[in-house]
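Colleague: Dumping the structure here so I can ask a few things about it.
The values are calculated or read from the model by the stated rules, or taken from the named source; none is laboratory data. These figures come from a predicted structure and were not determined experimentally. Heads up, the Cβs are rebuilt from the backbone with ideal geometry, glycines too, and the neighbour counts pull from every protein chain shown.
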Amino acid sequence: MSWVTSPAATELEERMMEWLGQMLGLPSGFRGVIQDTASTATLCSILSAREARSDFSVNERGFTAAPRFTAYCSTETHSSIEKGIKIAGIGKENLRKLPVDGAFALRPDALEEAITADIRSGLVPLCVVAALGTTGSTAIDPLRPIGEICRRHGVWLHVDAAYAGTAALCPENRWILDGAERMDSFVFNPHKWMLTNFDCSAYFVRDPITLVRTFEILPEYLKTAGAGAVDNYRDWGIQMGRRFRALKLWFVLRSYGVSGIQDKVRHDIRMAQQLAGEIRRHPAFELLAPTPLNAICFRHLPAGVTDPAAIDAVNAELLERLNNSGSVFMTHTRLNGLFAIRMVVGQTNVQQRHVDRAWTLIRETAAGLSSSGT
């Protein structure tokens, strides 16, 4: 909570966040703090944007004199965005869920049009949440044009890279961060793909002063020596008492090293790309989204079945049987209204033989469904 009560925990967290920023190639000047989850980090960004735009008046007087704020994301972004908007008092009706392109990424032209329309209506655009790796399809929103739009209109840009941000540890994947200098805040979860036990969410901000002003509170019993010279992380987020999350992150970096984690990420992506190629070439299967990293969205196309609802039903049954096998676990989503099976190659100890076995199981189970007439 306070530096004076846990200096080692605070100092290690500062160093871990410095290292993570360097490992990802984030723009200089960003400061980081560990949150529990990306949902909490996103809420922190929305609250910070609200206070910055209202000159911190909402914290002081509530929404009595505040304008009607609006926020923006794509139809594919995580449900935590809507949840954060509701908790922050912005209101679900003021969240604009914008259309996506053929790769399920937010369309900058749709964003520009929505912001302009809201300004004409007397509303105040507050923040945009861009996604690097949406939950459904791993869509990568284009940061550069989105960031330029945000800067032009004075809108806060938060980037949710909860799952896919780890990919940027490898220089060849840093194309996903093109335009990162336009971000106001950024989050990714080492507990998703960076070998770190839950919970550990790395949240970076361009302006830590705004973050601290949004959350700081200083009763007499929390006043300590050295205020202003050290970071008191109770003022960097919602929680006051905090766990020593930096310790497990340090153990991961100490155990694997940067190169070891990079090797793991590259290995997962390579296996996923190979499997996506197999699925693409198989006449009884179809990819339903691009595979930029290590998540694959696909479906089975049973011979002779053309009714969309029937195809959906077959794939729902296929997913249930695969998961009931106990050998794999996959999830589903809907993309362009179609039932899609989602397979992620990212478990800590996954090897090529596991992926090969999963592909064999998928094909055999699908063939069994077809032969039984299901």
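Colleague: Can you name every one of the strands (runs of 3 or more DSSP E) wholly within the stretch 48-136 that holds 2 or more residues which are crowded, with 18+ Cβ neighbours inside 10 Å and either among the aromatic types (Phe, Trp, Tyr) or modelled with pLDDT under 90 (or both)?
Modeller: Answer list for the stretch 48-136: 69-74.
Colleague: What is the number of the single condition among (1) within 21 Å of Ala139 (Cβ to Cβ); (2) out of contact with any Ser or Thr (no Cβ under 8 Å at 6 or more places or on another chain) that His78 does not meet?
Modeller: Status for His78: all satisfied but (2).
Colleague: Can you name the residue in the stretch 280-293 that is in contact (Cβ under 8 Å) with a residue 60 or more places away in the chain and more than 19 Å from Gly337 (Cβ to Cβ) and is also surrounded by the fewest Cβ atoms within 10 Å (Cβ to Cβ) among such residues?
Modeller: Ala284
Colleague: Is there a residue being surrounded by 19 or more Cβ atoms within 10 Å (Cβ to Cβ) and over 20 Å from the mean Cα position of the chain (by Cα) anywhere in the stretch 235-245?
Modeller: Looking through the stretch 235-245, at least one residue is surrounded by 19 or more Cβ atoms within 10 Å (Cβ to Cβ) and over 20 Å from the mean Cα position of the chain (by Cα).
Residues are listed down the side, and each one gets a yes or a no for (1) in contact with a helix residue (DSSP H, G or I) (Cβ under 7 Å, 6 or more places away or on another chain); (2) without any contact (Cβ under 8 Å) to a residue 12 or more places away in the chain; (3) among the hydrophobic types (A, V, I, L, M, F, W, C):
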residue	(1), (2), (3)
Ala114	no, no, yes
Asp118	no, no, no
Leu143	yes, no, yes
Ile149	yes, no, yes
His158	yes, no, no
Ala161	no, no, yes
Pro171	no, no, no
Gly179	yes, no, no
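Colleague: Consider Gly277 carefully, then state whether it is surrounded by fewer than 16 Cβ atoms within 10 Å (Cβ to Cβ) and either assigned by TED's automatic domain parsing to the domain that holds Ser137 or in a helix (DSSP H, G or I) (or both).
Modeller: yes
Colleague: Follow-up question, since we're still on this one. If you go through the stretch 1-50 one residue at a time, how many are without any contact (Cβ under 8 Å) to a residue 24 or more places away in the chain and within 27 Å of Leu95 (Cβ to Cβ)?
Modeller: Matching residues across the stretch 1-50 total 0.
Colleague: Could you look through the stretch 1-33, keep only residues that are within 28 Å of Asp178 (Cβ to Cβ) and among the polar types (S, T, N, Q), and pick out the one that is surrounded by the most Cβ atoms within 10 Å (Cβ to Cβ)?
Modeller: Among them, the one singled out is Gln22.
Colleague: Is it fair to say Phe69 is among the aromatic types (Phe, Trp, Tyr) and in contact with a strand residue (DSSP E or B) (Cβ under 6 Å, 6 or more places away or on another chain)?
Modeller: yes
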